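This report refers to the structure that appears directly beneath it.
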């Protein structure tokens, strides 16, 4: 979630009285004044409004911890979202509900380390991150990059411990006492580190403070986190007459029977699930699922629930966890969705699915289809919020008779951006200058749209990048040809490209092509800065 989305997730103070209307009877004002322990108790009982207040109360603090350690604000925001989602499903493990802040801090520290491992960066602090990695998300703008780099360079003058406290002071807008409780440190330690940080920054302290305040998350962040929480579903099955070796399991929202999320499983798994849903004892020897349930029960435990979520690294891929409880101890076991559903059904435990998955599910169950859009072959959907956008092929809107690809917002207030993209190996283009060109057409684009291309190095660091953020497509436009030109260094590993849309509207793209160009064609690389001026005028007679 990029820094330029200030109107969406930042630049407004956090308001603890923020309310989410998910069917609770408590007013926002009643909820906001409650203690952390009371909110945790309500959240453990399934009160999402109470948890939304916890998110509002600690959002900027968790974000600040991540921001002190990772390359970009959007990285920190992603981590903060993951922290709250993990905390929601692990509230049962919190031993002291009155100290949920310190607990969230520890989760944020761990998940920041996990983020570096996931990104294959062999570093643990922001100052060690390769410079080229610190930019390159498809929707970043030049202004965002320059403003953040200036602020980051000031922050890098500080040790990470002092940097964390300084960012907490201005992003979370907390007192030294609040920071001390959150970090589980003596107040005197916080005061001395904050004082040394200010002395180190000297005359830049006011500028840094203003810059950090601009990074504050607002109410939209809480809404986005709540979209990632889980809703209870009904498990159902259906047969596939033309494919007897397979069966379809669907998870149907209890609140909206039109929302069904399908899973294609083996016929034996589906048949076992049918038996479990009917409350019958399966014939024959115990299955691995039954053995697990028996073992947990014999050890004095129970299956609490199964939770299905989306995989952030791969579109249309699902993750699952089985939550177990034994003598007050709560354990989450990662597993395949089919196994989680089967075990929960056999144990009589509820199944939950991330709300974003249910909201994006269609009204009917079709084999192998998890949304109403059909992406063109070779393309996949990505972005900060791809579920807010429809993507596919339009055979009616064409360019010179050729079909087009499209991205269209499908909610009234789409969050972030969506992109339809591809990635391929850079081998054939190393050491060359590569141009991507195509025709684009837009309709009522309220945010912005454009082509984008990125060249990645061996550590997933960005070597060159352009997303037309300095020449964005807005409003309604006819078919126009656009080009991006990037150098592909010898160390390049992959090339990613696509079309993006941020905000409401629709954009079409047609007749994309790549070609190698000479050094006389200037690059459009946003990371390279302005192109050097030639030493003398040239081609004055227009014959060259």
>> I need the full set of residues from region 507-542 which are exposed (fewer than 10 other Cβ atoms within 10 Å of the Cβ), touching a strand residue (DSSP E or B) at 6+ places or on another chain (Cβ under 8 Å) and either at pLDDT below 95 or farther than 30 Å from residue 376 by Cα (or both), in order please.
In response: 518, 519
>> As an exercise: evaluate residue 210 against (1) farther than 30 Å from residue 82 by Cα; (2) at pLDDT 85 or above; (3) loosely packed, with under 13 Cβ neighbours inside 10 Å and give the number of the one condition it does not meet.
In response: (1)
>> Looking at region 383-420 only, could you name the residues that are over 12 Å from residue 501 (Cβ atoms) and part of a strand (DSSP E or B)?
In response: 392, 393, 394, 395, 396, 397, 398, 399, 402, 403, 404
>> What are the pairs with Cβ atoms under 6 angstrom where one residue, in region 88-114, is farther than 23 Å from residue 49 by Cβ and the other, located anywhere, is modelled with pLDDT under 90? Sequence gap at least six, or different chains.
In response: 111/82; 112/69
> Just checking, how many residues over region 334-375 are at pLDDT 80 or above and surrounded by 15 or more Cβ atoms within 10 Å (Cβ to Cβ)?
Replying inline: 18
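Yes/no per residue for (1) under 17 Å from the mean Cα position of the chain (by Cα); (2) surrounded by fewer than 17 Cβ atoms within 10 Å (Cβ to Cβ); (3) within 17 Å of residue 171 (Cα to Cα); (4) at pLDDT 80 or above:
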position: 56; (1), (2), (3), (4): no, no, yes, yes
position: 71; (1), (2), (3), (4): yes, no, yes, no
position: 110; (1), (2), (3), (4): no, yes, no, yes
position: 117; (1), (2), (3), (4): yes, yes, no, no
position: 122; (1), (2), (3), (4): no, yes, no, no
position: 133; (1), (2), (3), (4): no, no, no, no
position: 141; (1), (2), (3), (4): no, no, no, no
position: 147; (1), (2), (3), (4): no, yes, yes, no
> Could you list, in sequence order, the residues of region 446-463 that are in contact (Cβ under 8 Å) with a residue 60 or more places away in the chain and touching a helix residue (DSSP H, G or I) at 6+ places or on another chain (Cβ under 9 Å)?
Replying inline: 457, 459, 460, 461, 462, 463
> Somewhere in region 426-443, is a residue surrounded by fewer than 18 Cβ atoms within 10 Å (Cβ to Cβ), within 25 Å of the chain's Cα centre (by Cα) and in a strand (DSSP E or B)?
Replying inline: no
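For every residue, the table says whether it meets (1) more than 30 Å from residue 385 (Cα to Cα); (2) more than 25 Å from the chain's Cα centre (by Cα).
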| position | (1), (2) |
| --- | --- |
| 278 | yes, yes |
| 287 | yes, yes |
| 292 | yes, yes |
| 305 | no, no |
| 326 | yes, yes |
| 329 | yes, yes |
| 339 | no, yes |
| 347 | yes, yes |
> Filtering region 325-343 down to residues that are free of Cβ contacts under 8 Å to residues at least 60 places away in the same chain and assigned to a helix (DSSP H, G or I), which residue is farthest from residue 271 (Cα to Cα)?
Replying inline: 340
> Does region 167-190 include one or more residues that are surrounded by fewer than 15 Cβ atoms within 10 Å (Cβ to Cβ), under 30 Å from the mean Cα position of the chain (by Cα), touching a residue at least 12 places away in the same chain (Cβ under 8 Å) and at positive phi?
Replying inline: yes
> Which of the following residues is surrounded by fewer than 17 Cβ atoms within 10 Å (Cβ to Cβ), touching a strand residue (DSSP E or B) at 6+ places or on another chain (Cβ under 7 Å) and either at pLDDT below 90 or within 27 Å of residue 467 (Cα to Cα) (or both): 388, 394?
Replying inline: 394
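The values are calculated or read from the model by the stated rules, or taken from the named source; none is laboratory data. Everything numeric here is computed off the predicted structure, so don't read it as measured data. Neighbour counts are summed over all protein chains in view; Cβ atoms, including those assigned to glycine, are modelled from backbone coordinates with ideal geometry.
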